[in-house]
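S.K.: Right, I'll just put the structure down here and ask away after.
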Amino acid sequence: MTTFVLFGGTGDLAKRKIIPALYSAYVNGRLAASFSFIGAAREALTDEEFRVRVAASIEAYASEDADHSAEKMAAFLALTTYSKINAHEAGDFEQLKQRIHTSETDPTLFYLATGPDIFIPVVEQLSKHGLVEGNARVVVEKPLGRDAQSAKEINQSLRTYLNENQIYRIDHYLGKEMVQNLLALRFANSFLEPLWNRKWIQDVQISISEQVGVESRGDFYDRTGALRDMVQNHLLQLVSIVAMEPPVNANPDAIRDEKVKVLRALHKFTPEEVSKKTVRGQYRAGAVDGKPVIGYQAEPGVPTASRNETFVAIRAEIDNWRWAGVPFYLRTGKRMASRCAEITINFKPIPYSIFGKAQGPLRSNRLVISLQPEESVQLFMKAKEPGEGIRLSDVALNLDFAEASNLRRVESYERLLLDAMHGDLTLFVRDDELSAAWAWIDPIMSAWSNDSEGLKSYIAGSWGPAASSYLLAQHGAAWGEEY
Ligand code: BG6
């Protein structure tokens, strides 16, 4: 029997992402024939009470194309039970153990959707109760640590009880369809590779903008900030895939070996560089999509004088042969003008225009890979506008994945849960990747903590502080929306 145990089973992430993803996998026939789901959390709930919550989470958040019929729901709930767990109570784990049918062949998956402070106590108890032997795997949610040192300590402790190949460090961006498509785009096509380097690329921009604020997570977010919440993981993972060398094959470690080299080659900033190459901001009251919203400091759970950043822009560099001198502009923020995750490769301009300046804008070619809201790859080129004379305009060769295939889109959490159940580590972060990412983040965090003046404010619903535009403008570049 394959058993899925969800620690933090009553939490927000479980409710919004993990349970709906599990349900979607179930109704699409992707779970093992013999499967059981155990929710685990501190609250004392009966199985039935937990099932009511599971049903509510599926109703509210499972994808619309998942079968929501009463029969399917009842069948899924019949596989669901609950175990009250206090991470420090050995007796609770004894009871959990009674519910798990370990087997040599079927995996047991422990998903730790909890704060990192209880990762180790939980894993220690699991180990003491003989639950992580054999085919057991442990999925751990981000943030894994607060800095390089704490991440190292967590990793070392995890490794006391688990082998590296039992640890699935999740970064849900890796489960997004377009992120995997990036591997196909780069390594299954021949025409891009000769251009994919400093000779032809002017800059790379990776931007993840969100319209939501901190939602119900003010307290957590204020201790975390955008740099730890988004840059250390999602953005750096995207950087590593865009910039990696071709792996020798598509095995998990071959891919991760190349990704980690990129993370290690990221140029580490001195404090002076941090002030020149990074911008951090915090939203104040404004309007998103025409609706008024409160400022960050007025959000529940956020201290009124908070200096925490909700926006980050960075001019990163990669010190290696392929990328020396090519800026990687990274940006992410909450309460921004639109929800969009996009990678833009700006190619170098043509060396000389035979058409002269009067013939239309001469923005150079660019490849835009959209992760969300749409999934697409667009190659913007110059073409002549119809009619007399020659006037140039930007046109896109557009690969829209919704049009290109009507196969079911698998949501990132579902994809990653299934990969973990099948023992595929490709889309999970290895410990050395995590350390290398933190090693780059640490100097930025420490320079910021010594510079209380550096936090800029921006109006909710905008594209962030003006300093973010200037970060690029001073090098003759601009963010996509500014053209
Ligand atoms: C999470 C962050 O990892 O990613 C959240 O903790 C953020 O703050 C979310 O909102 C964004 O994910 P997505 O898939 O909606 O872009």
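The values are calculated or read from the model by the stated rules, or taken from the named source; none is laboratory data. This one's a predicted model, so the numbers in the text were calculated from it and none came from an experiment. Virtual Cβ from ideal backbone geometry, glycine too; neighbours counted across all protein chains shown. The protein model used for the area step is the full one, side chains on, heavy atoms only, and it has no ligands, DNA or RNA in it. Shrake-Rupley method; radii C 1.70, N 1.55, O 1.52, S 1.80 Å.
S.K.: How many residues does segment 84-136 hold that are hydroxyl-bearing (Ser, Thr, Tyr), outside any loop (DSSP other than H, G, I, E, B) and farther than 21 Å from PHE220 by Cβ?
M.R.: Of the residues in segment 84-136, 2 are hydroxyl-bearing (Ser, Thr, Tyr), outside any loop (DSSP other than H, G, I, E, B) and farther than 21 Å from PHE220 by Cβ.
S.K.: Continuing with this model, one more query. Would you be able to tell me the number of residues in segment 177-205 that are more than 16 Å from VAL262 (Cβ to Cβ), assigned to a loop (DSSP other than H, G, I, E, B) and open to solvent by less than 30 Å² (accessible area, probe 1.4 Å)?
M.R.: The total comes to 1.
S.K.: On to the next question. Hey, among VAL274, VAL260, which residue is open to solvent by less than 20 Å² (accessible area, probe 1.4 Å), of a type in the set (Val, Ile, Thr) and touching a Gly at 6+ places or on another chain (Cβ under 9 Å)?
M.R.: Result: VAL274 is the single residue among VAL274, VAL260 that is open to solvent by less than 20 Å² (accessible area, probe 1.4 Å), of a type in the set (Val, Ile, Thr) and touching a Gly at 6+ places or on another chain (Cβ under 9 Å).
S.K.: When residues of segment 137-165 are filtered for being part of a loop (DSSP other than H, G, I, E, B) and either more than 17 Å from THR224 (Cβ to Cβ) or open to solvent by 30 Å² or more (accessible area, probe 1.4 Å) (or both), how many remain?
M.R.: Selection size over segment 137-165: 5.
S.K.: What are the pairs, 6+ residues apart or on separate chains, where a residue within segment 210-224 that is in the same structural domain as GLY295 (by the TED database) and near the ligand (Cβ under 8 Å from one of its atoms) has its Cβ under 6 Å from a residue that is part of a loop (DSSP other than H, G, I, E, B) and open to solvent by 80 Å² or more (accessible area, probe 1.4 Å)?
M.R.: Hits for this filter: GLU210/ARG339.
S.K.: Given the condition open to solvent by less than 50 Å² (accessible area, probe 1.4 Å), within 30 Å of LYS17 (Cα to Cα) and in contact with a Ser or Thr (Cβ under 7 Å, 6 or more places away or on another chain), answer yes or no: does some residue in segment 401-416 qualify? Explain how you work it out, then say what you get.
M.R.: First, pick out the residues of segment 401-416 that are open to solvent by less than 50 Å² (accessible area, probe 1.4 Å): 401, 405, 410, 412-414, 416.
Subset that is within 30 Å of LYS17 (Cα to Cα): 401, 405, 410, 412-414, 416.
In the following step, the residues that additionally are in contact with a Ser or Thr (Cβ under 7 Å, 6 or more places away or on another chain) were identified as 401, 414.
Taking every residue of segment 401-416 in turn, at least one turns out to be open to solvent by less than 50 Å² (accessible area, probe 1.4 Å), within 30 Å of LYS17 (Cα to Cα) and in contact with a Ser or Thr (Cβ under 7 Å, 6 or more places away or on another chain).
S.K.: A further question follows. Given the conditions (1) within 22 Å of the chain's Cα centre (by Cα); (2) part of a helix (DSSP H, G or I); (3) farther than 30 Å from ALA151 by Cβ, report the number of the one that VAL54 does not fulfil.
M.R.: Among (1) within 22 Å of the chain's Cα centre (by Cα); (2) part of a helix (DSSP H, G or I); (3) farther than 30 Å from ALA151 by Cβ, VAL54 violates only (1).
S.K.: Can ASP12 be described as over 17 Å from ARG409 (Cα atoms) and within 25 Å of the chain's Cα centre (by Cα)?
M.R.: yes
S.K.: Oh, and also: What are the pairs with Cβ atoms under 6 angstrom where one residue, in segment 365-392, is more than 16 Å from the ligand (Cβ to nearest atom) and the other, located anywhere, is among the basic types (Lys, Arg)? Sequence gap at least six, or different chains.
M.R.: PHE380/ARG366; GLU385/ARG391; ILE390/LYS384; LEU392/LYS382
S.K.: Consider ARG322 carefully, then state whether it is surrounded by fewer than 15 Cβ atoms within 10 Å (Cβ to Cβ), touching a residue at least 40 places away in the same chain (Cβ under 8 Å) and more than 30 Å from GLY225 (Cβ to Cβ).
M.R.: So ARG322 does not fit the description; no.
S.K.: Given the criterion of a type outside the set (Asp, Glu), within 21 Å of TRP479 (Cβ to Cβ) and open to solvent by 80 Å² or more (accessible area, probe 1.4 Å), identify the matching residue among LYS334, LYS348, LYS384.
M.R.: LYS348
S.K.: Follow-up question, since we're still on this one. Every residue in segment 38-57 that is among the hydroxyl-bearing types (Ser, Thr, Tyr) and touching a helix residue (DSSP H, G or I) at 6+ places or on another chain (Cβ under 7 Å), please.
M.R.: SER57
S.K.: Also: Give the residues of segment 206-218 that are open to solvent by 10 Å² or more (accessible area, probe 1.4 Å) and at pLDDT 95 or above, sorted by residue number.
M.R.: SER207, GLU210, GLN211, VAL212
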